[in-house]
1. Would you confirm whether or not segment 124-131 contains a residue that is touching a residue at least 12 places away in the same chain (Cβ under 8 Å), closer than 30 Å to I407 by Cα and surrounded by 15 or more Cβ atoms within 10 Å (Cβ to Cβ)?
2. At least 1 residues that are over 23 Å from E36 (Cα atoms) and at pLDDT 90 or above in each: list the helices (runs of 4 or more DSSP H) lying fully within segment 55-174 that qualify.
3. Could you grab me the full set of residues in segment 147-162 that are surrounded by 15 or more Cβ atoms within 10 Å (Cβ to Cβ) and either in contact with a helix residue (DSSP H, G or I) (Cβ under 7 Å, 6 or more places away or on another chain) or in contact (Cβ under 8 Å) with a residue 60 or more places away in the chain (or both)?
4. Going residue by residue through segment 360-378, is there one that turns out to be under 14 Å from the mean Cα position of the chain (by Cα) and open to solvent by less than 30 Å² (accessible area, probe 1.4 Å)?
5. More than 30 Å from the chain's Cα centre (by Cα), at positive phi and surrounded by fewer than 16 Cβ atoms within 10 Å (Cβ to Cβ): does that describe G79?
6. Would you please list the contacts, defined by Cβ atoms under 6 Å and residues six or more apart or on different chains, that run from a residue in segment 334-353 that is over 15 Å from G367 (Cα atoms) and in contact (Cβ under 8 Å) with a residue 60 or more places away in the chain to a residue that is small (G, A, S) and open to solvent by 20 Å² or more (accessible area, probe 1.4 Å)?
7. Say we look at segment 1-29 and pick out the residues that are more than 20 Å from A98 (Cα to Cα), of a type outside the set (F, W, Y) and part of a helix (DSSP H, G or I); which of these is modelled with the lowest pLDDT?
8. Any residue that is out of contact with any Pro (no Cβ under 9 Å at 6 or more places or on another chain), open to solvent by 40 Å² or more (accessible area, probe 1.4 Å) and among the hydrophobic types (A, V, I, L, M, F, W, C) - is there at least one of those in segment 100-111?
Amino acid sequence: MLERTQVFVDTSYLLASFYNSWETGARAQLEIDLPEVVGVLGRMIEQQLKQPVQRQMWYDGIPDSGPHRYQRALRTCDGVQLRAGQLIEWGERRTQKAVDTRLVADMVLAGVRGYCSDLVLVSGDADMIPGVQEATNAGLRVHLYGFGWDSMSSQLRHCCDSTTILDPREDFADCMQLQVLEGPIPPVVRVKPIGDAEPLDESGPTPVPASSLGRQFTSPRPGEPAENAEERDCEQANSQDSGAPGDDAAFPVPQSGDTSAQGGVGTREPHSIPTPNVLAQQANTAADDASSAVEKELDSESQSKTPNPSMMAPRRKLRSRYVPLPNEVWASAGFQTPFDVGQQYASWWFENAASSDQRDQAHLLSGGGLPPEIDRPLLQFACETLHEYTLTETQRVSLRDGFHSGIRGVLINLRLE
């Protein structure tokens, strides 16, 4: 007989103990990481018995709709075998068939054939007593692991060589997590100008400094109309063009040999000074040209950012009415995963889209496959929420697992109410 250990776990007993260790209001949001539970349990047994664990065998009933997410998770663990029976449903009641008998039969065979020297039984059911007795009669040491004295049969404890009481909240603290669900919140739309640009200021004519003209405009004299002041400004400009004093200071004349002047001649053409009305019109025209240029630039930027429809995948039409409205925005604590989206959609579907018959049969959706009228809009909603065109197989499995978890949470809340 080899000095090693085999572990026999009653899955329904373990899960029920984990859920019962929390308050009633938190059970609907509890998520159990079974692969982590497998690892913690294996390390705990090896440390206590001082010998390796050969294999862990978990026993559970599989419904007709297929294995649920916990059972699929167990199949992915190394060194773990899922020994499955049947889960018979009678209305709202569920009964396991060929689960306890399979566990007892495996314990008897392990003792008779000498597969190991120690057995660890994680259960509290008195139906395991015949298997424990036959294993101990074959020379094996049977160790009972349970979650509370009240959840274990006293006769079963007396048949085993040792008993260990575990606390799910302490010994498996890292294996459980509360998934906080939040409802839909209205979207917040931030108003932006076109192209995320600041609105343009409507400014008036740009003032022209008098120094750029080489002279100063004269202000109207007391009692004199403004037209007379403009006429005197024009006369002053004409007198400056005719060679009046100060002409060289205002408009320097190029010397002979200076080729920068037009035609290389040391003379210049007469220069006319525009009136203030003409200057105002020119300023208005320049401001209009600048604003139109800015608008054209913004339009070109917005057109360049718009995607080309020919390069985008065609948008498929919805074939079901169960997809939430576009103005509903779902939020969760932290980063959203497909599992979170599945939980959110399950809550929304049950409250808003499910018919009375579907609500009565919602317990059938807590595991296994989903009907097409629910699965298709669920995938569509996940793609829109996660901003993905399609989901991988792993994401789809996680999404459906989240839907199963959300339905179970809804049903638990209804029963508590």
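The values are calculated or read from the model by the stated rules, or taken from the named source; none is laboratory data. As the structure is a prediction and not an experimental result, all values here were calculated from the model. Methodologically, a virtual Cβ is constructed for each residue, glycine included, from the backbone with ideal geometry; neighbour enumeration extends over all protein chains shown. The area values use the complete protein model at the heavy-atom level, side chains included, leaving out ligands, DNA and RNA. Shrake-Rupley method; radii C 1.70, N 1.55, O 1.52, S 1.80 Å.
1. Our first condition is that a residue be touching a residue at least 12 places away in the same chain (Cβ under 8 Å); within segment 124-131, this holds for 124-131.
Filter once more, keeping what is closer than 30 Å to I407 by Cα: 124-125.
Among the residues that remain, those that are also surrounded by 15 or more Cβ atoms within 10 Å (Cβ to Cβ) are: 124-125.
Yes, the conditions are met somewhere in segment 124-131.
2. Here the list reads 100-113, 129-137, 154-159.
3. F147, S151, S153, L156, C159, C160
4. Here is the first cut: in segment 360-378, the residues under 14 Å from the mean Cα position of the chain (by Cα) are none.
Taking every residue of segment 360-378 in turn, none turns out to be under 14 Å from the mean Cα position of the chain (by Cα) and open to solvent by less than 30 Å² (accessible area, probe 1.4 Å).
5. Details: more than 30 Å from the chain's Cα centre (by Cα): yes; at positive phi: yes; surrounded by fewer than 16 Cβ atoms within 10 Å (Cβ to Cβ): yes.
Spelling it out, G79 is indeed more than 30 Å from the chain's Cα centre (by Cα), at positive phi and surrounded by fewer than 16 Cβ atoms within 10 Å (Cβ to Cβ).
6. P338/S398; D340/S332
7. Restricting attention to segment 1-29, the residues satisfying the condition of being more than 20 Å from A98 (Cα to Cα) are 1-6, 17-29.
Among the residues that remain, those that are also of a type outside the set (F, W, Y) are: 1-6, 17, 20-21, 23-29.
Adding the requirement that they be part of a helix (DSSP H, G or I) leaves 17, 20, 24-29.
Values: S17: 92, N20: 88, T24: 70, G25: 65, A26: 70, R27: 70, A28: 71, Q29: 78.
Ranking the candidates gives G25 first.
8. Yes, because at least one residue in segment 100-111 is out of contact with any Pro (no Cβ under 9 Å at 6 or more places or on another chain), open to solvent by 40 Å² or more (accessible area, probe 1.4 Å) and among the hydrophobic types (A, V, I, L, M, F, W, C).
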